[in-house]
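A short worksheet on the structure shown next.
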Amino acid sequence: MAAFGVSAVGFAVWTTYSEHDQDAVQLIIAIPAWLLGTLLSREGTHRSRHLTEQREIETQKEARIRAEERLRVSREIHDVVSHSLSVIALRSGVARLVIDHDPDEARSALRAIEDSSRGALDDVRRVLGTIRDTSAPLCPRLSDLESLVSTDWPGGVQVVLADRTDHAALDPQVQTTVYRIVQEALTNAVRHSRANVVSVEIAMAGTELTVRVTDDGDGALAAATPGLGLTGMRERVATHGGVLSLGNVDGGYRVEAVIPL
C-alpha cells in the first residue's frame, strides 16, 4: 500500500510540473506494476513454502501414528498369544502325564486348553477389529480381571485379587495397561516361579494408580528370564508416564507399576 501511495504522489507531481512525455508515463505505470508483481511473487513463494512445511508435518504425523498403532497391536497380540500358549503348554503337559492313570484330570486339562484357545481367538479378533474400526474400544478392561484371576491356573496356583479402584474414573487405555500387566505377571509366575499363591493389588492414592503382583515362588527364576513380556510391560507403563519395578521380595517376586493419573 505504501508503494502505491508513493507512485500516486509521484504521478500527481509529474502531471503538475512536467510535460506529458510518453516514456515518463510508461515509467510511472511500470513502477506500481513491478511492485505489485514482486509482492505477488513473494506471497506465492511464502505460501508454497508454508504448504510444503504443512505437508511434511502431516506426513511425519501419519508415520508416527502408524508406528504407534503397529507397536500397540504388536503388544496386544504378544500378550494374548503368550498368555494363552503358556496355559496350553502347561495343561497339555499335565494331560500327557495323567491320561493313563487319571482320565478325569486329563479331561480337565483338555477343557482348560479348549477354553484358553477359544479365549485367545476371541481376543485376537478384538485386537484386529480395532484396526478395521478405529472407534472400537480397546480391550480388555479392569472388569475383565475377575475372569482372568478365576482361571483354573496350572499347578493349582491360587490368585487373590484386591481391586480398590473406581473403574468409571479410569481411562480405558489405562485399564487395558493394568489388565495386561496383571496378565503377564501371572503368566510369568505360573511358568517360572513355581508359586502357590499370587496376590494382585490395584489401588488409587491421590493422583497415582498402583498395580502390585506378588507371588510366593522362586523369585530368582522369574528375574532370570526377561523377554518380550517384561519389555512390553515397561513400554505400556512408560506410555502413561509411569514407572515399572521388578524384583525379589521376602519369599517371592514382585511386579509393581505406578501410573500417574
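The values are calculated or read from the model by the stated rules, or taken from the named source; none is laboratory data. Every value quoted in this text rests on a predicted model; they were computed, and no experiment measured them. Ligands, DNA and RNA are stripped out before the accessible areas are found, and what is left, the full protein with its side chains, is counted by its heavy atoms. Shrake-Rupley method; radii C 1.70, N 1.55, O 1.52, S 1.80 Å.
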Inset, instruction - Give the carbon-plus-sulfur fraction of the accessible surface of the stretch 28-130 in %, rounded to a whole number; probe 1.4 Å, heavy atoms of protein chains only. - result: 59
Inset, instruction - With a 1.4 Å probe and every protein chain left in place, tell me how much accessible area residue 181 has, in Å² to the nearest 10. - result: 0
